[in-house]
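Below you'll find the structure, written out as structure tokens, and then a few comments.
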Amino acid sequence: MLHSANVQPRPLTVIGGFLGAGKTSLLNHLLRMPDMPRCAVLVNDFGAINIDAGLLAGVRGDTIALTNGCVCCSIGDDLSNAMIRVLAATPPFDSIVVEASGISDPWRIAQIGLVDPDLRLESVVVVVDCDSILQQANDPLLRDGLRLQLVHADLLVLNKADLVTPAQMAQVLAWCQAACPQAVTVPATQGEIDPTLLGSSFGHASRPRTTRPGNTENFANRPLQASRQHALAFETWSISTTALPAFGSEALRSSLAPLAGRLLRLKGQVRTLEHGWAEIQFAGRRANFRRLAQAPDPALQQLVAIGLSEQLPREQLAELFSA
């Protein structure tokens, strides 16, 4: 990537976590902070970013501009190109945040901050779904991938803490500490945490991140095979929602509940009897709806489901959403 001797390395924060853990909720919370520095946020999915109307300055192509000087840029299929565009921006951004996909290893992205002279790795933040993580960790097909996401974390955000009992939270905490004993842990509801925990990426002092003893492999020589095999363990299903009838929210929840386990994540737009067009987010065993002010653009009216390879309930989903 390009490097300029006149620009100090920008702090890079990577936010990871499994499907539906609440990574975007955390980003939404941070973007609403009144003293947010001028930050570039690289995301995979614009549709999940809930930008307050008072913050929205404009949308241009694959970039959303905010009134506080921050921007959200779509990663698309190429993180490197998105990063190059951000680093070339004038004036330069104060910091960069990347939201990793729900099935990727955030450390793979974080190592860019260790080898690129324009970047300084600030922290790796991993969001954990307290309500689902123990069940997911017992699945032999998910266990290794979940631990892989946590192992290099600096901060673990134990999200959805309001949905578990103190005893369940103690179990979640024990599992997280066993997977990543060096990380700071903080409980959260809807991704809301104190931004001072995230250091200088969000305007607060901290020390630069370096590799840890025992974790000295660099970005270039770490094998890709494990990450590719992990990605192949998942498959997706999607359908256009333009012709869908309206659903009752509770009826749709009841229809999706038996699919939990095989259906890891469902998101998109549906028409509901109660609220008209709404964004649906299904993860773990819960479905949540957020009312949309207007019908989404026809090109964005889509439902996307993610599940384990050869276990995703395609037929049930097709029957449900083509009824």
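Things to note:
- When the GluC sites (Glu not before Pro) in the stretch 243-318 are filtered for DSSP coil states and for at most 12 other beta-carbon atoms within 10 Å of their beta-carbon, the remaining sites are 274, 310.
- Put simply, the amide H of residue 185, placed in the peptide plane, has neighbours under 5 Å in 156, leaving out anything fewer than 5 places away on its chain.
- Kirkwood Rh in Å, taken over the stretch 10-206 so that all alpha-carbon pairs contribute: 16.9
- FRET efficiency for residue 173 and residue 290, using Cβ-Cβ distance with R0 set to 22 Å, rounded to 0.05: 0.15
- The mean sequence distance of close C-alpha pairs (under 8 Å, at least 6 residues apart), as a share of the length of the stretch 233-321, puts its relative contact order at 39 percent.
- Whole-number D in µm²/s for the stretch 233-321 (Stokes-Einstein; Kirkwood sum over Cα pairs; 10 °C, 1.306 mPa s): 122
Since every read-out is calculated from the coordinates, none of them should be taken as a lab result. In this text, all values refer to a predicted model and were calculated from it rather than measured experimentally. Positions of Cβ are generated from backbone atoms using ideal geometry, with glycine treated the same way; all protein chains shown enter the neighbour counts.
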